[in-house]
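Each remark here refers to the structure printed beneath this line.
The values are calculated or read from the model by the stated rules, or taken from the named source; none is laboratory data. No experiment lies behind these values; they were computed from the predicted model shown. Here the Cβ is made from the backbone with ideal geometry for all residues, glycine too, and neighbour counts use every protein chain on show.
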Amino acid sequence: GKNGLSGEVEFRNVSFKYPDAAEYILRNVSFTASKGETVAFIGSTGSGKSTLLNLIPRYYDATEGEVLIDGVNVKNYTQQSLRNKLGYVSQKAVLFSGTVISNVAYGDNGKKSSDGAAVKKAVEISQGKEFVEKMEDQYSAAIAQGGTNISGGQKQRLSIARAVFKQPEIYIFDDSFSALDYKTDRVLRSELKKETRDATTLIVAQRIGTIKEADRIVVLEEGEVVGIGTHREL
Ligand code: ATP
């Protein structure tokens with residue numbers, strides 16, 4: 001990331017079952033995403049893509065095996081230092097009652113939230129500039145709890161802007177582009193690519209364009225890795 005640190009993500013023989021569940025959702029998953037790399041995860045619905053990504057911020061812990069960042073088990077980071085490394089954009093955009101600024105600078109602990117230029121830039125990269133600047137109060141416009149006063153695609157763009165604003169070492173996008181039209185999706189990803197060149201990006205996506213551009217693709221089937229390679233190789 002911008003802070004000059006690293007951002008390698010490695011899964012080493014990771015198996016996972018949800019607490020109290022009998023069945024394993026991930027089985028012996030291994031892969032490495034190097035600093036600067038974009039790795040896409042594909043697989044049918046229920047194959048375990050979101051579950052896999054959830055192990056990185058420790059929403060759950062691996063049942064067996066290890067999830068490592070820069071060679072260190074995620075369990076050995078403090079929650080704060082781990083979360084600081086990650087820009088996680090979930091499948092469903094999470095927005096709070098506040099303004100565009102407070103939503104984009106969320107989790108910033110006031111460090112940069114006064115930096116309107118950084119918020120603006122993150123929104124611009126995320127293709128939200130046009131709709132935000134159309135609102136009467138622009139970056140101070142009110143966002144309702146859950147983002148109920150803006151559209152699904154607008155919500156996604158502000159959630160992505162939050163991650164961009166954070167400038168993390170590792171970006172995690174869990175199907176975060178699904179509500180965007182084809183053109184917006186394409187422009188956003190190209191802008192994002194410039195911005196996140198040094199970061200590691202893990203992405204679950206359905207669109208073939210997104211997958212094609214990844215440095216590597218990990219194919220999951222019922223919780224198992226059945227293929228790793230470039231689009232060309234697979
Ligand atoms: P999709 O493409 O539909 O988002 P996915 O590949 O991301 O699917 P997951 O959401 O990781 O798949 O789900 C994998 C399996 O884990 C499913 O069988 C699902 O029912 C189960 N599962 C997901 N979340 C939980 C949970 N919190 N508790 C128990 N089981 C869960």
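Arg162 - would you say it is surrounded by 15 or more Cβ atoms within 10 Å (Cβ to Cβ), in a helix (DSSP H, G or I) and touching a Gly at 6+ places or on another chain (Cβ under 6 Å)? No: the conditions fail for Arg162.
Screening segment 165-205 for residues that are among the small types (Gly, Ala, Ser) and within 26 Å of Ser102 (Cβ to Cβ) and picking the one that is nearest to the chain's Cα centre (by Cα) gives Ser176.
Here the condition is being buried (at least 16 other Cβ atoms within 10 Å of the Cβ) and not small (Gly, Ala, Ser); of Thr196, Thr230, it holds for Thr196 alone.
Does Val72 satisfy the condition of being of a type outside the set (Ser, Thr, Tyr) and closer than 25 Å to Leu192 by Cα? No; evaluated as a whole, the condition is false for this residue.
In segment 214-226, the residue that is modelled with the lowest pLDDT out of those that are surrounded by 16 or more Cβ atoms within 10 Å (Cβ to Cβ), closer than 20 Å to Ile170 by Cα and away from the ligand (no atom under 12 Å from the Cβ) is Ala214.
Residue-level analysis places Gly146 among those that are among the small types (Gly, Ala, Ser) and assigned to a helix (DSSP H, G or I).
Somewhere in segment 166-183, is a residue within 20 Å of Val123 (Cβ to Cβ) and part of a helix (DSSP H, G or I)? Yes, segment 166-183 contains at least one residue that is within 20 Å of Val123 (Cβ to Cβ) and part of a helix (DSSP H, G or I).
Among the criteria (1) touching a residue at least 24 places away in the same chain (Cβ under 8 Å); (2) of a type in the set (A, V, I, L, M, F, W, C); (3) more than 21 Å from Ala118 (Cβ to Cβ), the one Val164 does not fulfil is (3). Listed by position, the helices (runs of 4 or more DSSP H) contained in segment 49-133 that have at least 2 residues being within 16 Å of the ligand (Cβ to nearest atom) and polar (S, T, N, Q) are 49-54.
All but one of (1) under 12 Å from Thr38 (Cβ atoms); (2) within 16 Å of the ligand (Cβ to nearest atom) hold for Gln206; which doesn't? The one condition Gln206 does not meet is (1). On the stretch given as segment 34-46, residues that are at pLDDT 95 or above and either over 21 Å from Thr196 (Cβ atoms) or within 7 Å of the ligand (Cβ to nearest atom) (or both) total 0. A search for C-beta distances below 7 Å between a residue of segment 66-87 that is at negative phi and any residue that is among the basic types (Lys, Arg) and part of a helix (DSSP H, G or I), counting only pairs 6+ apart in sequence or on different chains, returns Ile69/Lys85; Gly87/Lys166.
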